[in-house]
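Here the structure is laid out as structure tokens; the discussion comes afterwards.
The values are calculated or read from the model by the stated rules, or taken from the named source; none is laboratory data. Quick caveat, the model's predicted, so the values are computed rather than measured. All Cβ positions, glycine included, derive from the backbone under ideal geometry; neighbour counts span all protein chains shown. Side chains included, ligands, DNA and RNA excluded: accessible areas come from the protein's heavy atoms. Shrake-Rupley method; radii C 1.70, N 1.55, O 1.52, S 1.80 Å.
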Amino acid sequence: MSKIGERAVAGRTSGLIESGESVTWEAKHFGVRQRLTSQITRFDRPAYFRDTMTKGAFAALVHDHFFHSTIPNVTEMRDVVTFRSPFGLLGQKVDRLVMRRYLANLIAERQRAVRTAAEGR
């Protein structure tokens, strides 16, 4: 995710993350360098895991990752993100007008990066 300068800076920064572990990501969003720490709060390898924000700009952020083998050697990955910005009604409006689309695009870009890495391209 070099476009936003995303990198793991604390916690599990390389290798495969496991249940209960945390990772802190640093990236530039909307021109501002930000950090977000997530912990793996649910884990059912190889089918599913959940990361839950423990520190960051959102009031709440939960990211569910689902993996399903459709045919041999082919895995479908589906992401479900639930989030809430701070600042009450203003945050709700920002979520509807900006954040929903921004996060959908960010997750789609991350999925492309994961696919590229997984397929060795």
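Would you calculate the separation in nanometres between label points at E119 and E76, each defined as 7 Å from the Cα along the Cα-to-beta-carbon direction?
If labels sit at E119 and E76, their model points lie 1.7 nm apart.
What net charge do the residues around D64 carry, taking every other residue with its C-beta under 12 Å from that of D64, with Lys and Arg at +1 and Asp and Glu at -1? Show your work: numbers first, answer last.
Values: positive: R42, R50, R78; negative: D44, D51, D79.
So the surrounding residues net to 0.
Could you quote the convex hull projected area for the stretch 15-67, Cα atoms only and averaged over all directions, in nm²?
It is 4.1 nm².
With a 1.4 Å probe and all protein chains left in place, how much accessible area per residue does the stretch 5-44 have, in Å²? All intermediate terms of the calculation are to be shown ahead of the outcome.
Working: 2470 Å² over 40 residues.
On a per-residue basis, the stretch 5-44 sits at 62 Å².
Check cross-link reach from K28 to the lysines: straight Cα distance under 21 Å, and skip same-chain residues fewer than eight apart.
Cα-Cα hits under 21 Å: K3, K55.
Rounded to a whole number, what % of the accessible area of the stretch 19-107 do carbon and sulfur atoms account for, probe 1.4 Å?
Carbon and sulfur atoms account for 57 percent of the accessible area of the stretch 19-107.
If I fit a long axis through the Cα atoms of helix 100-118 and take the longest principal axis of the Cα atoms of the chain, what angle between them do I get, 0 to 90°, rounded to 10?
Tilt of helix 100-118: around 30 degrees.
How large is the dipole of the chain about the Cα centre if only Lys and Arg carry +1 and Asp and Glu carry -1, each at its Cβ, rounded to the nearest 20 debye?
On the way: 20 positive and 12 negative charges, 96 e Å.
Here the chain has a charge dipole of around 460 debye.
First obtain the Kirkwood hydrodynamic radius of the chain from its Cα pairs, then insert it into the Stokes-Einstein equation at 37 °C and 0.692 mPa s, and state the resulting D in µm² per second as a whole number.
211
State, to one decimal in nm, how far the label point of F87 lies from the label point of R45, with both points 7 Å from Cα in the Cβ direction.
My value for the distance between the label points is 4.1 nm.
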